[in-house]
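Q: After the structure tokens below, expect a handful of questions from me.
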Amino acid sequence: MKFVTIKGTRVPALGFGTWQLRGRTCVDAVKDALAIGYRHIDTAQVYGNESEVGEALRNSRVPRGDIFLTTKVAPGQLAASAVRRSTEESLRKLDVDHVDLLLIHWPTRDVPLAETLGAFAALRQAGKTRFIGVSNFTVAHLRQTVEEHSADILCNQVEYHPFLSQRPVLDYLRRHDIMLTAYTPLGRGLVPNDPTIGAIAKKHDKTAAQVALRWLVDQDGVSAIPRSSSKAHTAANFAIFDFALDGEDRTAIDALRGNRRVVNPAWAPDWDAA
């Protein structure tokens, strides 16, 4: 396993995402991921599966201390009292006394950012989370978080794959020693259907997904959280550390980067230009 070292802590560079996984499918998928070797598990309040993730963790033979566990506070729960209440509920559902990383899931104009960050800092001080962070934050939001409010964040989780540059966000995060966690790292079908990535995959006797994930985790300060309900695909996504992309491969994939965003809900912020 490769690790991202940020602010003195090591985070597994390859994690397991649980968006859209529900019920027994979610329990089995997380149990399979842990058995395969994943040690970075990502969930969220709005996913509606924290209890299932908690069941999988509880039934796993992997010690809790070996797992980097992330959850995210829902946009409607960002007032200070709601942050505290909803996080306590998340901990009960996950059946843990703390998470490793607590994120603001989406930026909002409904609650002052300072209020939310203050509540997050208090939870960290109380031992309910080891680290705090954000998700779907633009450079403007990051400046407000880091420079105006002096928040000590570990991560910004954003959509990132070979077809979406994220260069402005990456540059800012690297200047401030903050990790980027890539969700939707395979671009919801864009990666498997791309001929450039397909050719590189054939060259290394790997799948296009494996090539894209390797390209991501090879980057400084970047982790990725692919999601799969298939044990075979989960195992394949993890099998990316027995080959290496060369300079020609990376240059070819870098050339694909543009502004092909696949997650853009009505409540999304004004994204940074590619």
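The values are calculated or read from the model by the stated rules, or taken from the named source; none is laboratory data. Since this is a predicted model, take the numbers as computed values, not measurements. Every residue, glycine as well, gets a Cβ built from its backbone with ideal geometry; the counts of neighbours run over all protein chains shown. The protein model used for the area step is the full one, side chains on, heavy atoms only, and it has no ligands, DNA or RNA in it. Shrake-Rupley method; radii C 1.70, N 1.55, O 1.52, S 1.80 Å.
Q: Go through region 179-234 and give me each residue that's more than 13 Å from the chain's Cα centre (by Cα) and among the basic types (K, R).
A: Of everything in region 179-234, those that are more than 13 Å from the chain's Cα centre (by Cα) and among the basic types (K, R) turn out to be R188, K202, K203, K206, R214, K231.
Residues are listed down the side, and each one gets a yes or a no for (1) within 21 Å of F3 (Cα to Cα); (2) out of contact with any strand residue (DSSP E or B) (no Cβ under 8 Å at 6 or more places or on another chain); (3) not in a helix (DSSP H, G or I):
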position: Q210; (1), (2), (3): yes, yes, no
position: D220; (1), (2), (3): yes, yes, yes
position: A232; (1), (2), (3): no, yes, no
position: N237; (1), (2), (3): yes, no, no
position: A252; (1), (2), (3): no, yes, no
position: A268; (1), (2), (3): no, yes, yes
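Q: Among (1) over 24 Å from N156 (Cα atoms); (2) open to solvent by less than 40 Å² (accessible area, probe 1.4 Å); (3) under 18 Å from the mean Cα position of the chain (by Cα), which single condition is D249 missing?
A: (3)
Q: Going through region 254-266 one residue at a time, which ones are outside any loop (DSSP other than H, G, I, E, B) and open to solvent by 70 Å² or more (accessible area, probe 1.4 Å)? Lay out the reasoning, then the answer.
A: Filtering region 254-266 down to residues outside any loop (DSSP other than H, G, I, E, B) leaves 254, 259.
N259, the sole residue that qualifies.
Q: Taking region 32-55, which residues are part of a helix (DSSP H, G or I) and buried (at least 21 other Cβ atoms within 10 Å of the Cβ)?
A: A33, Y47, E50, E52, V53, G54
Q: Could you tell me which residue of region 56-74 is surrounded by the fewest Cβ atoms within 10 Å (Cβ to Cβ), considering only residues that are touching a strand residue (DSSP E or B) at 6+ places or on another chain (Cβ under 9 Å) and assigned to a helix (DSSP H, G or I)?
A: The residue in question is L57.
Q: Same structure again: Could you tell me whether D242 is of a type in the set (D, E, K, R), part of a loop (DSSP other than H, G, I, E, B) and surrounded by fewer than 17 Cβ atoms within 10 Å (Cβ to Cβ)?
A: yes
Q: If we scan region 232-255, do we find a residue that is closer than 24 Å to A35 by Cα, in contact with a helix residue (DSSP H, G or I) (Cβ under 8 Å, 6 or more places away or on another chain), touching a residue at least 60 places away in the same chain (Cβ under 8 Å) and of a type in the set (G, A, S)?
A: yes
Q: Now for a separate question. Determine whether T71 is of a type in the set (S, T, Y), touching a residue at least 60 places away in the same chain (Cβ under 8 Å) and within 27 Å of A268 (Cα to Cα).
A: Spelling it out, it is not the case that T71 is of a type in the set (S, T, Y), touching a residue at least 60 places away in the same chain (Cβ under 8 Å) and within 27 Å of A268 (Cα to Cα).
Q: Is there any pair linking a residue in region 26-40 that is under 20 Å from K93 (Cβ atoms) and in contact (Cβ under 8 Å) with a residue 12 or more places away in the chain to one that is open to solvent by 10 Å² or more (accessible area, probe 1.4 Å) and assigned to a helix (DSSP H, G or I), with Cβ under 6 Å and at least six apart or on different chains, and which?
A: Listed pairs, sorted by first residue: C26/E52; V27/E52; V27/E55.
Q: Is it the case that L14 is buried (at least 20 other Cβ atoms within 10 Å of the Cβ), within 20 Å of the chain's Cα centre (by Cα) and over 15 Å from Q157 (Cα atoms)?
A: no
Q: For region 180-225, which positions are of a type in the set (G, A, S) and modelled with pLDDT of 95 or more?
A: Answer for region 180-225, where residues must be of a type in the set (G, A, S) and modelled with pLDDT of 95 or more: A182, G187, G198, A199, A201, A208, A209, A212, G221, S223, A224.
Q: Exactly one of these conditions fails for K203: (1) of a type in the set (D, E, K, R); (2) within 20 Å of K2 (Cβ to Cβ); (3) part of a helix (DSSP H, G or I). Give me its number.
A: It fails just one condition, (2).
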